[in-house]
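The structure appears below as structure tokens.
Coordinate-derived values only; no laboratory data. Keep in mind that this is a model prediction, so the values were computed, not measured. Glycine gets a Cβ as well: all are built from the backbone with ideal geometry, and neighbour counts include every protein chain shown.
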Amino acid sequence: MFPFTRERSRPGACCRPMFATTSRKTLYSFWDLMDVETLETSFNALQDRGRDYLVAEGISEDAVGFERAVDFRYYGQEYVLTIPLPEGPIDMDAVRKTFDEAYERQYGHSSPENRVEMANIRVAALGHLTRPQSAPPAAETAKPPRERGRVLCRIDTQYGDPRSQRHQRR
């Protein structure tokens, strides 16, 4: 399951059926030093790999979509937050602001003045499938009515043991 996908697949849910694959690449840098072109090139390489995989699985190329995300943390922290990136060109300042807001929601505080490290980039390649037609319900034949009878129960209470009950069917 993708931690950053907006279309989650659950059994029984009314959702769009899809075939998906995820890719991750370690791309460590301080966010303020990251070159946008390097970032876009790295995302494009992961998207190409995902597209190739889905096309090889029989998904048409026009039915493939992508979701991008970056794993961020404040400098010196160990745990990361995965922040989804919107489609289109990457707005470095908007992504940083989104991270600070997500950190605030998760931990109850944020440090917008501190440096942010990016650890990984992630791409989910989503192959949207057409929903198959539902088969009509199978016709069932009526079952004969059950035979009904009386049940007699004899209880041995010599020792008071409930396991000593004997049941007979007539």
> Mind listing the phi-derived Karplus ³J(HN,Hα) values for segment 114-119, rounded to whole Hz, using 6.51, -1.76 and 1.60 with θ = phi - 60°, and x for any glycine or proline?
Replying inline: 7, 6, 10, 9, 9, 10
>> I need the trypsin sites (Lys or Arg not before Pro) found in segment 54-136, filtered to DSSP loop residues with at most 16 other beta carbons within 10 Å of theirs.
In response: ARG115
> Between ARG105 and GLU40, 0.36 nm times their residue separation minus their Cα-Cα distance comes to what?
Replying inline: 20.6 nm
> Peptides 130-137, 49-56: what's the order by average Cβ count within 10 Å, highest mean first?
Replying inline: 49-56, 130-137
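Kindly provide the GluC sites (Glu not before Pro) of segment 33-142 that DSSP labels as loop, not H, G, I, E or B, and whose Cβ sees at most 14 other Cβ atoms within 10 Å.
Numbers: sites: GLU37, GLU40, GLU57, GLU61, GLU67, GLU78, GLU87, GLU101, GLU104, GLU113, GLU117, GLU140; in loops: GLU57, GLU78, GLU87, GLU113, GLU140.
Answer in residue order: GLU57, GLU78, GLU87, GLU113, GLU140.
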> For segment 45-52, what does the Karplus curve 6.51 cos²θ - 1.76 cosθ + 1.60, with θ = phi - 60°, yield as ³J(HN,Hα) per residue in whole Hz, taken in order and with x for Gly and Pro?
Replying inline: 5, 5, 5, 4, 5, x, 4, 4
